[in-house]
Amino acid sequence: MNNAKILIVGLLVTVGVAAFLFWPGNSPQNILSDKTEIVMYKNEGCQCCTKWGDHMEEGEFTVEEVPTPVLMQVKQQNGITRELASCHTAMIGDYVVEGHVPRADVERLLQEKPEDVIGLAVPGMPTGSPGMEMPGRPADNYDVILLKKDGTTSVYASH
């Protein structure tokens with residue numbers, strides 16, 4: 001093999017490795033971790049979203065925050081209607097998790113692995129849901145909604 005071919009092969013390998021490492025979600029920490037990765041799309045600077053991410057990382061998850069100026073577009077592409085919307089949209093494997101869904105409900109969904117389901121949603125931003133805790137204020141009662149591929153919904157959990 002001449003020097004030009006060696007140089008081209010080396011360049012292609014370098015570009016491939018760099019693309020893999022810098023592809024969204026492929027950080028060295030995530031590649032070496034056995035935790036389940038969550039990619040969370042949120043508005044820039046939203047702290048309650050970051051607190052929800054912290055709640056998820058207390059379990060078997062890693063969270064990559066992706067500030068997104070077109071958040072409603074991400075929601076629409078993943079089957080989230082305005083009625084189901086919250087402040088962030090997360091992708092966990094093949095499922096979408098909208099809003100402040102408790103970690104235990106996400107873990108249950110991933111354990112059950114229903115095939116006819118898009119994901120889970122907590123519409124709005126209920127006080128007391130993960131990331132929305134407010135000292136001195138009682139928690140709201142809220143439902144976690146199961147989103148099915150046929151467009152129907154049902155209550156998955158109540159808190």
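The values are calculated or read from the model by the stated rules, or taken from the named source; none is laboratory data. Not measured: the values here are computed from a predicted model. Heads up, the Cβs are rebuilt from the backbone with ideal geometry, glycines too, and the neighbour counts pull from every protein chain shown. In case anyone asks, the SASA skips ligands and DNA or RNA and just uses the protein heavy atoms, side chains included. Shrake-Rupley method; radii C 1.70, N 1.55, O 1.52, S 1.80 Å.
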| Of all residues in region 74-126, which are of a type in the set (Gly, Ala, Ser), in a loop (DSSP other than H, G, I, E, B) and more than 18 Å from Ser158 (Cα to Cα)? | Gly79, Gly93
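Of all residues in region 36-67, which are out of contact with any helix residue (DSSP H, G or I) (no Cβ under 8 Å at 6 or more places or on another chain) and open to solvent by 50 Å² or more (accessible area, probe 1.4 Å)? Before the answer, list the steps.
In the first step, residues of region 36-67 are kept if they are out of contact with any helix residue (DSSP H, G or I) (no Cβ under 8 Å at 6 or more places or on another chain); the result is 39, 44-54, 57, 66-67.
Across region 36-67, the qualifying residues are Glu44, Gly45, Gln47, Lys51, Asp54, Glu57, Pro67.
Considering only region 142-153, state which residues are among the polar types (S, T, N, Q) and surrounded by 10 or more Cβ atoms within 10 Å (Cβ to Cβ).
Across region 142-153, the qualifying residue is only Thr153.
Yes or no, residue by residue, for (1) under 12 Å from the mean Cα position of the chain (by Cα); (2) at pLDDT 95 or above:
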{"position": "Thr14", "(1), (2)": "no, no"}
{"position": "Lys35", "(1), (2)": "no, no"}
{"position": "Val96", "(1), (2)": "yes, yes"}
{"position": "Ala104", "(1), (2)": "no, yes"}
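Residues checked against (1) within 14 Å of the chain's Cα centre (by Cα); (2) open to solvent by 10 Å² or more (accessible area, probe 1.4 Å); (3) modelled with pLDDT of 95 or more:
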| residue | (1), (2), (3) |
| --- | --- |
| Val70 | no, yes, no |
| Arg82 | no, yes, no |
| Met91 | yes, yes, yes |
| Pro123 | no, yes, yes |
| Glu133 | no, yes, no |
| request: Taking Arg108 as meeting all but one of (1) open to solvent by 60 Å² or more (accessible area, probe 1.4 Å); (2) at pLDDT below 95, write down the number of the exception. | output: (2)
| query | How do the pairs read when you match residues in region 121-147 that are among the polar types (S, T, N, Q) with residues anywhere that are surrounded by fewer than 16 Cβ atoms within 10 Å (Cβ to Cβ) and part of a loop (DSSP other than H, G, I, E, B), using Cβ under 8 Å and keeping only pairs 6 or more apart or on different chains? | reply | Thr127/Glu133; Thr127/Met134; Thr127/Arg137; Thr127/Pro138; Thr127/Ala139; Thr127/Asp140; Ser129/Ala139; Ser129/Asp140
